[in-house]
Amino acid sequence: GLEQADKTVDSVCPYCGVGCLLTYHVKDNKILYVTGRDGPANHGRLCVKGRYGFDYVHHRQRLTKPLIRKPGVPKSADFVVDPEHWQEVFREATWEEALDLAAGKLRQIRDTHGKHALAGFGSAKGSNEEAYLFQKLVRTGFGSNNVDHCTRLCHASSVAALLEGIGSGAVSNQVSDVMKAEVVLVIGANPTVNHPVAATWIKNAAKRGVKLIVADPRRTELARYATYFLQFKPDTDVALLNAMMYTIVEEGLVNEDFIRQRTEGFEALKENVKGYSPEKMAPICGIPAETIREVARLYAKSKGSMILWGMGISQHVHGTDNARCLIALALMTGQVGRPGTGLHPLRGQNNVQGASDSGLIPMVFPDYQRVDDPQARARFEKLWGTSLDPKPGLTVVEIMNAILDGQIKGMYIMGENPAMSDPDLRHAREALAKLDWLVVQDIFLTETAYLADVVLPASAWPEKTGTVTNTDRMVQLGRRALDLPGDARQDLWIIQEMARRLGLDWHYEGPESGVQAVFEEMRKAMPSIAGITWERLERESSVTYPCEKEGDPGQPVVFTERFPTKTGRGRFVPADLVPAAERPDDEYPWVLITGRQLEHWHTGAMTRRASVLDAIEPEPVASLHPLDLDVLGVKPGEVITVETRRGRISLFTRAEESTPRGAVFIPFCFYEAAANLLTNPALDPYGKIPEFKYCAAKVLRG
Ligand code: SF4
């Protein structure tokens, strides 16, 4: 039987963007087990990560003391991380010494080389309050807008297209709306693996008669529930979507009233899709013309059609174009602004929505107020009592390049692991190693922390109180259940101590390291959450924004009357075919697709230290179609080497019929075979997102 807990604490899952509410059952400062709560996104359900993924918190490799790099220990991109022998690289220090050194050196770089010589990465795994304070530190303490986070690697292109097209990067409708839809299109997303509880709602809807269209180069598990499954060729999203729009125009299925009243730019789009008949696009995308037509009719004619998408859409050099097509599809058919319709980019991290809202983005302040808009800047200058840089900052991959160019010399990284998550890791690791000064704040000695000058031991999610915002725009309260191990500290406290040493006079006092004081300031900075009180969060645990005035119920469906653009109208933006930056050729004939596994979260820092999850997926694997394994003469479980122009890794094979022929799928969580050593850093020109979903590779036996 289960051991008896001595307390229970209600909180939120720290893994994916679904935002399941849960309860920790705690005894002697240990989480014994976790149960699902009746939250609006999960109704008591949890997936394997939320149920069994928590003992990383108690892992013996938790950082419990500030660490300072020993003099003379070189930084090299070829490091082998060995958290068990950290003493060879670092020595322990007091907080006073570590903070003075960490911030003092950053300050010195700022004063010698100017404000653009520093940059910061915040985290989509921390709270909104931490994200907000971190970006404020960079903007007011470093003095530039060089602050970004992993949204750049995730939905930056979707957000670019959404801001341009409909004026808001957040979802229009919540996942649960699939129940109210007649047709649901899931494209470039594998929710069974990446948003498992959301996937159960989609499956339920399909079982109740909602027509499900799944479009993906991989035959995902959700395809089993689909009325139409379109296994289109990798990299041909725009061909497929333009052909659907061609059909809708040609067959007179557009919503004339909606187009006239609520949009602009339709003529240009209509003109553009003329070149994309289903007959012409069928051989390109691999879907028969008649199927494209049937699906287009189904989507356009239904009373309510909803689109959900994931990284399969966003992580391409044409990611913004892909998303533009989805927006155009919804606008031309009027499938947005009502329950059971709309646009839902499924957010990956538990708080990537909130971290973006809170301003961990180089071109915008909190709530997407542009740094180069003088009025927005004036508002923040008043609120923060300081002058602000009008120049948009650099993005994740641009920062890495700026380090190698010698422009950026110092960085502060909180809770992110670019030495595993960035494309072309060798290049990213070389950049991190080249920094004159790197401060990393984290809970483990990650691959990134290994390259740091100072490592600051931080708090794990169950050790702190704060809000996170899920994919549905629900601001949810996470509560502290555990004491911190050793000398580890609250992230909010650490950020504040760093800020003070950079010359900022910060006093976020109050309960829980000032989290409420920070939240109150955020309400002043961010109209979208101005109406959410801390008391209400404590009472209800979850409040949907926009919630501009106290007592607002919050809006689950937005854009009902107008879009938050300057004109109030949605804008069509035509897209043409842009090939992947690197296509297969004779030397590198395979296509490499990267992604995630159900059990492991992103770079694996947490889940590979969660005993149950690690036991299920202990080793790096590459999935190939069984017939491709036959061609290679390799059996499932045997080792292959996958090589691209940027690197090579060896790992075990798995036969999966879901993988398209000619492709190899590798999750990016395995340090010992890091998929991102192989990926292409080519960027989408608008969202600046790298092309994680497509590059040329060779596959060798053994
Ligand atoms: Fe956590 Fe996402 Fe699983 Fe819910 S679906 S338990 S939020 S990982």
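The values are calculated or read from the model by the stated rules, or taken from the named source; none is laboratory data. The structure presented is a predicted model; accordingly, all values stated were derived computationally and were not measured. Cβ: placed from backbone, ideal geometry, glycine included. Neighbour counts: every protein chain shown. Remember, those area values only see protein heavy atoms, side chains included, never the ligands or the DNA or RNA. Shrake-Rupley method; radii C 1.70, N 1.55, O 1.52, S 1.80 Å.
In the set (1) in a strand (DSSP E or B); (2) surrounded by fewer than 21 Cβ atoms within 10 Å (Cβ to Cβ); (3) within 9 Å of the ligand (Cβ to nearest atom), the condition left unmet by R51 is number (1). Looking across T567, T533, one residue alone is modelled with pLDDT of 95 or more and either among the aromatic types (F, W, Y) or farther than 28 Å from T465 by Cβ (or both). It is T567.
Screening segment 187-198 for residues that are part of a helix (DSSP H, G or I) and near the ligand (Cβ under 8 Å from one of its atoms) and picking the one that is nearest to T471 (Cα to Cα) gives A198.
Determine, yes or no, whether V184 is out of contact with any Phe, Trp or Tyr (no Cβ under 9 Å at 6 or more places or on another chain), outside any loop (DSSP other than H, G, I, E, B) and within 30 Å of S277 (Cα to Cα). Taking the combined requirement at face value, the residue satisfies it. Out of all the residues in segment 152-167, is one or more open to solvent by 10 Å² or more (accessible area, probe 1.4 Å), modelled with pLDDT of 95 or more and either over 28 Å from A328 (Cα atoms) or within 16 Å of the ligand (Cβ to nearest atom) (or both)? Taking every residue of segment 152-167 in turn, none turns out to be open to solvent by 10 Å² or more (accessible area, probe 1.4 Å), modelled with pLDDT of 95 or more and either over 28 Å from A328 (Cα atoms) or within 16 Å of the ligand (Cβ to nearest atom) (or both). Restricting segment 520-550 to residues that are within 28 Å of V336 (Cα to Cα), in contact with a helix residue (DSSP H, G or I) (Cβ under 9 Å, 6 or more places away or on another chain) and among the small types (G, A, S), the residue that is least open to solvent (accessible area, probe 1.4 Å) is G531.
Tell me which residues, restricted to segment 175-221, are closer than 16 Å to P40 by Cα, among the hydrophobic types (A, V, I, L, M, F, W, C) and open to solvent by less than 20 Å² (accessible area, probe 1.4 Å). Selection gives V175, V178, V197, A198, A199, I202. Determine if segment 6-21 includes at least one residue that is modelled with pLDDT of 95 or more, on the phi > 0 side of the Ramachandran plot, under 29 Å from the mean Cα position of the chain (by Cα) and within 10 Å of the ligand (Cβ to nearest atom). The answer is yes; a qualifying residue exists.
Checked against the criterion of being more than 25 Å from E182 (Cβ to Cβ), assigned to a helix (DSSP H, G or I) and among the small types (G, A, S), segment 283-299 has no qualifying residue. So if I check each of E92, E84, E96, E88, which one is more than 22 Å from F444 (Cβ to Cβ) and of a type in the set (D, E)? Going through E92, E84, E96, E88 in turn, the sole match is E96. The residues listed here are K115, K136; of these, the one that is of a type in the set (K, R), at pLDDT 95 or above and surrounded by fewer than 24 Cβ atoms within 10 Å (Cβ to Cβ) is K115. Candidates I313, I259, I307, I284: the one that is surrounded by fewer than 24 Cβ atoms within 10 Å (Cβ to Cβ), among the β-branched types (V, I, T) and closer than 30 Å to T192 by Cβ is I284. Can you tell me which residues in segment 611-627 are of a type outside the set (S, T, Y), out of contact with any Phe, Trp or Tyr (no Cβ under 8 Å at 6 or more places or on another chain) and touching a residue at least 60 places away in the same chain (Cβ under 8 Å)? Residue satisfying the conditions is I616 alone. Listed by position, the helices (runs of 4 or more DSSP H) inside segment 391-495 whose residues that are open to solvent by 10 Å² or more (accessible area, probe 1.4 Å) number at least 3 are 396-404, 425-434.
Please indicate, with yes or no, whether at least one residue in segment 30-42 is part of a loop (DSSP other than H, G, I, E, B), hydroxyl-bearing (S, T, Y) and more than 12 Å from the ligand (Cβ to nearest atom). Within segment 30-42 (the criterion being part of a loop (DSSP other than H, G, I, E, B), hydroxyl-bearing (S, T, Y) and more than 12 Å from the ligand (Cβ to nearest atom)), the answer is no, since none of the residues qualifies. The residue that is farthest from the ligand (Cβ to nearest atom), counting only those in segment 586-610 that are in contact (Cβ under 8 Å) with a residue 12 or more places away in the chain and open to solvent by 60 Å² or more (accessible area, probe 1.4 Å), is E587. If the condition is being under 30 Å from L21 (Cα atoms) and surrounded by fewer than 18 Cβ atoms within 10 Å (Cβ to Cβ), then segment 60-95 contributes R60, Q61, T64.
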